[in-house]
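Okay, structure first, notes after.
The values are calculated or read from the model by the stated rules, or taken from the named source; none is laboratory data. Bear in mind that the values here come from a model prediction, so they are computed numbers and not experimental data. Positions of Cβ are generated from backbone atoms using ideal geometry, with glycine treated the same way; all protein chains shown enter the neighbour counts. Accessible surface is based on the protein model in full, side chains and every heavy atom, while ligands, DNA and RNA are left aside. Shrake-Rupley method; radii C 1.70, N 1.55, O 1.52, S 1.80 Å.
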Amino acid sequence: MTGAVADTVDVMAVMALLPHRFPMLLVDRVIDIVPGQSATGIKAVTINEPFFAGHFPARPIMPGVLIVEALAQTAGVLAIHSSRLKDPDAGDKLVYFMAIENAKFRTPVEPGCLLQLKVEVVQDRGRIAKFSGRAEIDGKLAAEASFTAMIADPPA
């Protein structure tokens with residue numbers, strides 16, 4: 001951290017920044033936001049998640065693609081929160097996936113886990129940004145990926 005004050009947003013603020021809603025909202029809060037640099041999302045994984053009914057009933061495991069989506073949502077909160085700090089009149093924005101690279105899954109994410117979703121800005125070119133992300137459980141790496149996203153205005 002470069003001396004910047006870290007911000008935190010609760011679930012209501014996350015929903016004000018992202019269009020996602022149940023069952024696709026995969027971030028409960030975002031902590032340690034350093035605008036334009038990094039953030040940590042928190043996802044409390046519960047047995048009530050709808051995907052556990054089919055993945056897998058005998059051994060519930062959070063699908064890897066949803067872990068990557070949770071990382072991307074955390075990056076979306078970081079990007080939009082940072083954008084609004086720079087320009088409070090910027091209006092609503094959407095963040096779209098453009099690419100996912102080097103996704104690796106190390107530890108199963110099961111009900112009862114508190115997933116920490118750590119994202120960092122690797123490159124920021126205005127409307128296009130590259131991020132690196134790590135999903136951790138109790139400091140142990142569960143998944144990691146690099147991804148590119150586009151920040152866009154919502155359709156009219």
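Charge dipole (Cα centre; +1 on Lys/Arg Cβ, -1 on Asp/Glu Cβ; no other charges) of the stretch 1-126 amounts to roughly 260 debye. Relative contact order of the chain: 24 percent, from C-alpha pairs under 8 Å at least 6 residues apart in sequence. The lysine pair count for the chain, using Cα distances under 28 Å and pairs eight or more places apart or on different chains, is 16.
Loop-located trypsin sites (Lys or Arg not before Pro) in the stretch 7-75 (DSSP state other than H, G, I, E, B) with a sparse environment of at most 13 neighbouring Cβ atoms within 10 Å: 21.
Leaving out ligands, DNA and RNA, what percent of the accessible area of the stretch 57-102 is carbon and sulfur, probe 1.4 Å? C and S atoms contribute 55 percent here. Of the residues 131, 19, 46, the one whose Cα sits farthest toward the positive end of the charge dipole of the chain, with +1 on the Cβ of Lys and Arg and -1 on the Cβ of Asp and Glu, is 131.
Put simply, the amide H of residue 38, placed in the peptide plane, has neighbours under 5 Å in 121, leaving out anything fewer than 5 places away on its chain. Just checking the listed ones, 101, 69, 136: in the Gaussian network model of the chain with Cα springs under 10 Å, the one fluctuating most is 101. Report summary: the helix-based calculation at 222 nm, which adds -39500 (n - 2.57) for every DSSP H run with n ≥ 4 and divides by the residues of the chain, gives -6500 deg cm²/dmol. Based on Cα contacts under 8 Å between residues 6+ apart, the stretch 35-122 shows a relative contact order of 57 percent. Just to be sure I understand: with springs between alpha-carbon atoms less than 10 Å apart, which residue in 99, 79, 13 has the highest mean-square fluctuation in the Gaussian network model of the chain? Residue with maximal mean-square fluctuation among 99, 79, 13: 99.
Please give the per residue accessible area of the stretch 81-156, computed with a probe of 1.4 Å over protein heavy atoms only, in Å². Ligands and nucleic acids excluded, the result is 61 Å² per residue. Angle, helix 64-86 long axis vs. longest principal axis of the chain, Cα atoms, 0 to 90°, nearest 10? Between helix and principal axis, roughly 20 degrees.
Note that the stretch 20-37 has calculated 3J(HN,Hα) couplings of 5, 9, 3, x, 9, 6, 10, 10, 8, 6, 10, 10, 6, 6, 10, x, x, 10 Hz, one per residue in order, obtained from phi through the Karplus relation 6.51 cos²θ - 1.76 cosθ + 1.60 (θ = phi - 60°); glycine and proline are x. Under a model in which nothing but the beta-carbon of Lys, Arg (+1) and Asp, Glu (-1) is charged, the stretch 101-156 shows a dipole of about 140 debye around its Cα centre.
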